[in-house]
Number of protein chains: 2
Amino acid sequence: MSSKFIKIHIPLGDESAIGPGKADLLEAIIQTGSISAAGRQMRMSYRRAWDLVDTMNRCFAQPLVATATGGSHGGGASVSEFGMEVLQRYRAIESRVNQSFSDELQQMAAMLATKSE
Amino acid sequence: MSSKFIKIHIPLGDESAIGPGKADLLEAIIQTGSISAAGRQMRMSYRRAWDLVDTMNRCFAQPLVATATGGSHGGGASVSEFGMEVLQRYRAIESRVNQSFSDELQQMAAMLATKSE
């Protein structure tokens, strides 16, 4: 896969509060209604998916993902209204950065090694 | 530390070809003339610094860092002309993204948890 996007992260201290992986995970939680199913869809362990959710929830002023009780892996999860707003703002920045800097990205991509698609 | 910058990465496949840490490392190599000294300055292990250099050198069409022979940790390292150009382009994109999207970053930062400075 060649480089088609500039990836952006919003940092808080040493952590990434939200970036491409966490945004994808939020969307997978919206689709599947659970952290474990979202993790499976993204081919990551439940532990990894949970860690990403935990980081987001700690880094923002309000939780982005609300979990219902019901066993260690169960009970379902949903993205809060606050989480929806963060996701929307993140995707808007990501999309506008890539539109605004497509020439610069293309110049940088031309300097990358060629990888088979 | 509160969020003051949007961090950007130029990906190649699943890897980050260059991002904030690798750009800082290139500057530290320019300053110190060696990967080990640059790693120490950035408080990372020699192994970690070397891995970052290796990733950059593999991801780009030409090596960004040239190493001289002379023992496992020795011999010195320098940033190639090609590496200087990549670094300059990366810093330019990073700086212009942050200028262009300072309002959006501020709105997002206002949604982050407060961390002590």
**OP:** Go through the stretch B:14-31 and give me each residue that's without any contact (Cβ under 8 Å) to a residue 60 or more places away in the chain and assigned to a helix (DSSP H, G or I).
**Re:** B:GLY21, B:LYS22, B:ASP24, B:LEU25, B:ALA28, B:ILE29, B:ILE30, B:GLN31
Original post:
Looking at this structure, is A:ALA38 at the interface with another protein chain (Cβ under 8 Å from one of its Cβ atoms) and either exposed (fewer than 15 other Cβ atoms within 10 Å of the Cβ) or touching a helix residue (DSSP H, G or I) at 6+ places or on another chain (Cβ under 6 Å) (or both)?
Top reply: no
Original post:
Is there a residue in the stretch B:62-70 that is away from chain A (no Cβ under 11 Å), among the small types (Gly, Ala, Ser) and in contact with a helix residue (DSSP H, G or I) (Cβ under 6 Å, 6 or more places away or on another chain)?
Top reply: no
**OP:** Could you list all residues from the stretch B:78-95 that are free of Cβ contacts under 8 Å to residues at least 24 places away in the same chain and among the basic types (Lys, Arg)?
**Re:** B:ARG89
**OP:** Could you please give the count of residues in the stretch A:4-13 that are crowded, with 21+ Cβ neighbours inside 10 Å and free of Cβ contacts under 8 Å to residues at least 40 places away in the same chain?
**Re:** 2
**OP:** Go through the residues of the stretch B:73-83 one by one and say whether even a single one is surrounded by 14 or more Cβ atoms within 10 Å (Cβ to Cβ) and within 11 Å of chain A (Cβ to nearest Cβ).
**Re:** yes
Original post:
Given the conditions (1) over 23 Å from B:ASP14 (Cβ atoms); (2) exposed (fewer than 14 other Cβ atoms within 10 Å of the Cβ), and given that A:ARG47 satisfies all but one, which numbered condition is not satisfied?
Top reply: (1)
Original post:
Can we say B:SER100 is without any contact (Cβ under 8 Å) to a residue 12 or more places away in the chain and either surrounded by fewer than 19 Cβ atoms within 10 Å (Cβ to Cβ) or on the phi > 0 side of the Ramachandran plot (or both)?
Top reply: yes
Subject >> Filtered residues of the stretch B:50-65 (kept if surrounded by 16 or more Cβ atoms within 10 Å (Cβ to Cβ) and aliphatic (A, V, I, L, M)) >> reply: B:LEU52, B:VAL53, B:MET56, B:LEU64, B:VAL65
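Read-outs throughout are calculated quantities, based only on the coordinates presented, and are distinct from any laboratory measurement. All figures in this text were calculated on a predicted structure; none of them were measured in a lab. Cβ coordinates were reconstructed from backbone atoms using ideal geometry, including for glycine residues, and neighbour counts include every protein chain displayed.
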